[in-house]
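The values are calculated or read from the model by the stated rules, or taken from the named source; none is laboratory data. Owing to the predicted nature of the structure, the values given are computational and were not obtained by experimental measurement. Virtual Cβ from ideal backbone geometry, glycine too; neighbours counted across all protein chains shown.
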Amino acid sequence: MDSDLRSIGELARASGLTVSALRFYDAAGVLVPARVDPVTGYRRYTHDQVAPARLVAGLRRAGMPVAEIAEAVRAEPAVVHRLLDTHLRRLEQGLADARCEVSRIRSLLPAERPATLTRLTLTGAALVAAMDAVRFAVGTDPAVPGLTGVLFEVTGTGLELVATDRHRLAVATAEAVVQGPPVRTLLPLAAVEALRRLLDTPSPNGPEQGEVELVLSASSLVARVAEQELRATALPEEFPDYHVLLPRSDAARRVPVDADWLVAALRAGGPTLLREYAGRSWPVTVLGLGTPDRLRLLGPEDLTDGGDLTDGGDRVGADGTELRVGVNGDYLLDALDAAGGRHLTLELDSPLTPLTIRRPDDQGAFSILMPIRL
């Protein structure tokens with residue numbers, strides 16, 4: 001029956017694919033609708049097509065060719081694993097070839113000119129607040145050294161700090177007087193913490209309350225605070241393009257949250273679901289958002305009403321449609337602590353898009369948590 005089928009928009013929301021992508025994979029024979037209305041051309045999909053659509057979305061994000069995606073959708077898990085291994089080897093070889101080519105190109109270029117320096121003047125309090133807002137999201141995996149520091153990015157109007165470990169991302173801004181061109185400096189965490197200690201003084205008239213001068217290039221930072229100076233060398237690695245993860249201003253539902261209540265509930269061991277990953281059981285904190293917007297922490301007992309958390313989609317209940325998003329509870333607690341303040345805003349879009357945490361009084365500071373598939 002048509003009532004048991006999903007529209008293309010519903011499948012898009014449940015899978016993370018766009019409507020245009022679903023149309024493309026239909027034309028390519030990868031993900032064909034269960035039914036197409038002969039008059040309107042509307043596509044309809046079954047519930048059983050949600051999992052294949054999510055697989056297609058993941059393989060697409062990983063850059064797998066369409067022909068291999070088509071094979072994976074119809075294959076047994078063992079075959080999919082082999083396809084993934086082959087794809088990873090191809091990506092690694094491609095990256096190695098690209099590194100060699102970049103090195104060759106660098107050898108053809110003339111010697112670098114002396115680095116152009118950019119000077120910033122800002123308050124110690126603003127810099128401390130920005131560092132504290134992003135510190136929790138710094139990566140610790142030595143296999144990904146480009147994520148083990150904090151990006152200091154200077155624009156024409158001020159300073160932006162960014163940190164990410166791939167599972168969460170934090171951004172904070174600080175107003176500054178800028179003299180010089182825009183520059184990106186990736187500082188190792190040890191240097192950031194040394195700068196934080198330099199600014200951390202019990203004196204009410206100490207560096208945190210006064211002005212700080214930063215002199216940055218792509219390879220170094222010099223900080224001058226009162227009569228003290230700190231010099232740091234930047235990490236040589238590239239920081240990823242985090243802009244692709246930034247939330248769209250028109251995409252999310254914005255929910256005001258009493259941070260004290262949410263922090264207390266999380267620290268008290270609020271309800272969680274267990275999900276298997278890499279042979280281990282992991283607790284997942286599930287945020288439920290009903291209509292009108294009302295945040296709840298959901299647990300296994302919330303399934304007794306006939307809802308289904310396994311498809312990660314929306315559930316229609318007595319109070320309307322409820323959006324359910326799974327996240328790492330410890331990461332959420334870190335983000336709430338770093339944000340500070342009692343009144344925060346959570347931005348939710350779908351079960352497969354990142355969760356954003358903001359302070360209503362500072363739109364330039366926010367953090368993002370990657371969702372966990374339910």
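Here are a few things to note about the model shown:
- In segment 240-262, the condition of being part of a helix (DSSP H, G or I), out of contact with any helix residue (DSSP H, G or I) (no Cβ under 7 Å at 6 or more places or on another chain) and at pLDDT 85 or above is met by at least one residue.
- Every condition in (1) surrounded by 17 or more Cβ atoms within 10 Å (Cβ to Cβ); (2) within 30 Å of E237 (Cα to Cα) holds for R54 except the one numbered (2).
- Only a single criterion out of (1) in a helix (DSSP H, G or I); (2) within 22 Å of P77 (Cα to Cα) is not satisfied by L17, namely (1).
- Single match in V144, V225, V212, V177 (criterion: surrounded by fewer than 21 Cβ atoms within 10 Å (Cβ to Cβ) and closer than 20 Å to L117 by Cα): V177
- Any hit, segment 114-126, residues being surrounded by 16 or more Cβ atoms within 10 Å (Cβ to Cβ), more than 29 Å from L221 (Cα to Cα), out of contact with any His (no Cβ under 8 Å at 6 or more places or on another chain) and among the aliphatic types (A, V, I, L, M): no
Per-residue answers, yes or no, for (1) crowded, with 20+ Cβ neighbours inside 10 Å; (2) assigned to a strand (DSSP E or B); (3) at pLDDT below 85:
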site: T304; (1), (2), (3): no, no, yes
site: D311; (1), (2), (3): no, no, yes
site: A335; (1), (2), (3): yes, no, no
site: L344; (1), (2), (3): yes, yes, no
site: E347; (1), (2), (3): yes, yes, no
site: T356; (1), (2), (3): yes, yes, no
